[in-house]
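Peer 1: Quick one: structure below, then a few questions.
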Amino acid sequence: MLIQIEIILQKGEFNLDTDENQKKIKIIDISNFAEPIKQYNIGDPIICSNCGINWTKICELMKPSGSKLIKSFNVCAMCGEFLPDKLIIIKEYHKLTIMSKGLDKAKKLIYKSEMVAAVREATSSLENIVRKKSGLDLHGSSLMGKAFHFEYDDKTNVINTEPAIKINDLSTETKRSEQNGIKHLCMGVMQGIRNVFMHTNGNEKIYYGLRILSIVDFLIHQIESNTGITED
């Protein structure tokens, strides 16, 4: 069977032509699913669990002219789902970080390579958690600014206005700085990430989704545990 692969780097088309059929798929950016490596050692077959394409076999058949295209694939170039070996790595990382249960839906979307939907779900989960814990009927960055806000009198060393959500006991300058830092991080997630992804498709690259999920997970853990970085 004749197999011919043509990949146009950056933006273009991915073509898989055989003597039996022809398939064509539009891709946004090849860097979304493949990263060049210095040397590629063919070990276990890389087979998409969704569409069944054996990418290891294709790379073998492309030699020698196709050897330059042998890459460490992250997701299947035909259907877009994570390849099994990469999915295992991501799931193990999430186990290692003890990811918040509040992000279960976002995780499932990540595992399906639905990055934009995952970011929207994760940032909405953060907003809902803060709204419920603070009891404030606000949204977005306004909610975050109010939920973590406190007023401290440095002359009397007294907290005049307690925050709706406390990350720590605010007993030292370092702890008060941490409280303000978490507030601004949450505000930034709402304004600089959530709003962008809610009104546009944001950035569909895999590493964006994974990085944002980790940031949101960190914030949720700090909020739910009431134990800051400065405390054991």
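Peer 1: Treat the count of other C-beta atoms within 10 Å as a stand-in for reagent exposure and order 143, 185 from fewest to most.
Peer 2: Least crowded to most crowded, the residues run 185, 143.
Peer 1: With the cut-off at 31 Å, tell me which of the pairs 101/205; 57/105; 95/133; 108/175 have Cα atoms farther apart than that.
Peer 2: Check vs 31 Å cut-off fails for 57/105; 108/175.
Peer 1: Which residues' amide hydrogens lie under 5 Å from the amide hydrogen of residue 204, considering only partners 5 or more residues apart or on another chain, with H built in the peptide plane?
Peer 2: none
Peer 1: Taking θ as phi - 60°, what are the ³J(HN,Hα) couplings along segment 152-158 by the Karplus curve (6.51, -1.76, 1.60), each to the nearest whole Hz, with x for Gly and Pro?
Peer 2: Listing the rounded values in order: 10, 9, 6, 7, 9, 6, 10 Hz.
Peer 1: Please give the charge dipole size of segment 97-225, origin at the Cα centre, charges +1 on K and R Cβ atoms and -1 on D and E Cβ atoms. Round to the nearest 20 debye.
Peer 2: With only Lys, Arg, Asp and Glu charged at Cβ, the dipole is about 460 debye.
Peer 1: Once amide H atoms are built 1.01 Å from N in the peptide plane, which residues 5 or more positions from residue 152, or in another chain, come under 5 Å H to H?
Peer 2: 160
Peer 1: Moving on to the next point. Quick one: what are the phi-derived ³J(HN,Hα) couplings along segment 76-88, Karplus 6.51/-1.76/1.60 with θ = phi - 60°, whole Hz, x for glycine and proline?
Peer 2: 5, 6, 8, 10, x, 7, 4, 6, x, 5, 6, 5, 4
Here, each number is a calculation from the coordinates, and none is a lab measurement. Not measured: the values here are computed from a predicted model. So basically every Cβ, Gly included, is an ideal-geometry build from the backbone, and we count neighbours across all protein chains shown.
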